[in-house]
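Throughout, read-outs are computed from the coordinates displayed, never taken from laboratory work. Predicted, not measured: the structure shown is a model, and the values here were computed from it. As a convention, Cβ positions derive from the backbone with ideal geometry for all residues, glycine included, and neighbour counts pool all protein chains shown.
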Amino acid sequence: MTIGSTPPGRLRSVLVFLFSLALPVALGPSEALASGNQNFQFFAPPAEGSLPDGPMGRLIRKGELIFIHTNLYAKKYVGNDLTCESCHLDRGIKPYSAPLWGAVGTYPRYRSKNHKVNTLEERIQGCFRFSLNGTPPPANSDTMKAIVAYAYWVSRGAPIGLYLKGQGIVRLPKPDRTPSLHRGKVLFEARCALCHGLDGQGTKADLGQVAFPPVWGPHSYNRGAGFSNVRELAGFLRMNMPLSKGKSLSDQQAWDVAAYVNSHSRPADPRTSSASR
Ligand code: HEC
Ligand code: HEC
């Protein structure tokens, strides 16, 4: 990970390592294949760091830095403690965490959320507004240009107009049992609180930088965000959480813990209220 040398990066690596010792999970053959991006199952982005020289390479690198440290490099557009990478894991290339390479070839695209055809820039602005609870950068801003350059770079060679395996977020079938906040709480305390805190507020490193992001409360995504939908969040958790142990929750557990996470307070949907902005 690019931020491996920063303090929150180190704290995170140590915790993730300790956590990985705690509960060994047997990986079946398909999981083993799905755990890396350098295999035939999923689109393989260019290797990390293999950037072109000159202005284009510098713009792509800037976009990558914004993506990973959004609250440092695009601070004025961000209204919470999350970064793009908080949800689009492994610098935006991990399958089933809405990877950039799954998006680039499918925009412009109609979205029922705003009843219009969205450009890639408009889609990214949506994540700034809801997931980052912020004020989106204009489409022609340097910030947006850099993010888009980075998104295209990691998608180099991906087909245009096709939905690729691993794109987007998994849509889970309806759960067998109604999601239970009680089961969700027990699970959260056992499998999530180590990193995200019993109070869901995440963990900060010494310098105040976010090591593990808050999953509810004033510094998390707002009620207009995709993750404020329990099914969408459950699909993300099923494949990606606990970090480095994706696919260890059952569908039912993912629904339960998603319902529990979203039962807490968080910033209002900016479309319907200006309350907590
Ligand atoms: C709180 C979690 C969260 C954060 C933070 C976040 N996003 Fe997203 N993003 C999502 C979700 C959920 C989707 C919808 C995925 C889907 O359609 O299945 C999404 C969709 C996208 C898409 C379209 C993906 C597709 O396949 O259609 C792009 C591009 C994107 N985000 C970029 C960004 C960028 C750039 C940032 C940072 C500025 C960011 N996101 C921050 C959760 C987040
Ligand atoms: C080993 C530490 C660890 C564990 C355990 C863990 N997470 Fe995460 N989680 C992370 C990290 C780190 C990120 C952000 C990814 C990044 O920045 O690379 C994240 C991101 C998230 C996000 C999206 C960002 C946000 O803050 O909203 C949600 C939601 C989430 N985790 C929920 C959970 C749930 C629910 C569990 C338990 C089932 C869990 N996590 C277990 C480390 C962990």
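Multiplying the residue separation of SER263 and ASN229 by 0.36 nm and subtracting their alpha-carbon distance yields 11.2 nm.
For LYS116, a cut-off of 23 angstrom between C-alpha atoms picks up these lysines, skipping any fewer than 8 places away in its own chain: LYS145. Straight-distance candidates among the lysines for linking to LYS247, with alpha-carbon spacing under 20 Å and chain neighbours fewer than 8 residues away dropped: LYS94, LYS165, LYS174, LYS185.
Amide H contacts under 5 Å for ASN118: ARG109, TYR110, ARG111, restricted to partners 5 or more places along the chain or on a different chain, H placed in the peptide plane at 1.01 Å from N. Shown for CYS84, CYS192: other C-beta atoms within 10 Å of each C-beta, ranked fewest to most, produce the order CYS192, CYS84.
Ranked by the mean number of other Cβ atoms within 10 Å of their residues, highest first, the peptides 124-130, 206-212 fall in the order 124-130, 206-212.
3J(HN,Hα) couplings calculated from phi for region 75-89 with the Karplus curve 6.51 cos²θ - 1.76 cosθ + 1.60 (θ = phi - 60°) are, in sequence order, 3, 5, 9, 10, x, 8, 9, 9, 10, 4, 5, 4, 10, 9, 5 Hz; Gly and Pro show x. This ranking places HIS115, HIS69 by how few other beta-carbon atoms lie within 10 Å of each, fewest first, which gives HIS115, HIS69. Reported to the nearest whole Å, the Cα centre-to-centre distance from region 236-256 to region 77-134 is 21.
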